[in-house]
Amino acid sequence: MSCVFCRIVSGEIPANRVMENDQVVAFHDLGPKAPVHVLVIPRRHVVNVGSAGPEDAEALGAVLLACREVAEACGVAESGFRVVLNTGPAAGQSVDHLHAHVLGGRSLGWPPG
Ligand code: AMP
């Protein structure tokens, strides 16, 4: 199993987990870009939004609902937060296992770079 996020799901690689359930795992990003920067991933290997199909609907829904839980757990639900799903090379996706970045704790500029 070469996917680094699959190895985090299995526990083979340690991660600083924020929450998890039967569908998703959420953990702090190794290189945080904001005071709150948590990644939410489906346990099941899905490459990205661009390759997702109807069979992934439950996992994708669980990812978004978990983003809300993460924002509440990290204290940014009230102030606001951003959910980012980099998809493919032009968007800078560097890990080919779908992940939602939950960013918050500072003012976030728009448009993103
Ligand atoms: P992306 O560039 O959208 O594919 O985001 C991948 C993110 O995964 C980056 O922000 C990395 O810092 C983060 N990352 C990579 N490996 C790990 C790891 N082992 N634990 C936590 N975060 C990681």
Worksheet entry | Scope the range 14-32; condition loosely packed, with under 12 Cβ neighbours inside 10 Å and either at positive phi or within 11 Å of the ligand (Cβ to nearest atom) (or both); matching residues | Pro14, Asn16, Leu30, Gly31
Discussion item. I'd like the full set of residues that are small (Gly, Ala, Ser) and more than 9 Å from the ligand (Cβ to nearest atom), limited to the range 78-99.
Written reply: Ser79, Gly80, Gly88, Ala90
Worksheet item: Within the range 93-110, can you find the residues that are closer than 23 Å to Ala62 by Cβ, in contact with a strand residue (DSSP E or B) (Cβ under 7 Å, 6 or more places away or on another chain) and not in a strand (DSSP E or B)?
Response: His97, Leu98, His99
Worksheet item: For the range 4-54, which residues satisfy the criterion of being among the aliphatic types (A, V, I, L, M), closer than 17 Å to Gly75 by Cβ and free of Cβ contacts under 8 Å to residues at least 60 places away in the same chain?
Response: Val18, Met19
Worksheet item: Restricting attention to the range 33-53, which residues are outside any loop (DSSP other than H, G, I, E, B) and open to solvent by 40 Å² or more (accessible area, probe 1.4 Å)?
Response: Val49, Gly50, Ser51
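The values are calculated or read from the model by the stated rules, or taken from the named source; none is laboratory data. None of the values given here were measured: they were computed from a predicted structure. Cβ sites come from the backbone with ideal geometry, for glycine too, and all protein chains shown count toward neighbours. Protein only, heavy atoms only, side chains kept; ligands, DNA and RNA dropped before computing areas. Shrake-Rupley method; radii C 1.70, N 1.55, O 1.52, S 1.80 Å.
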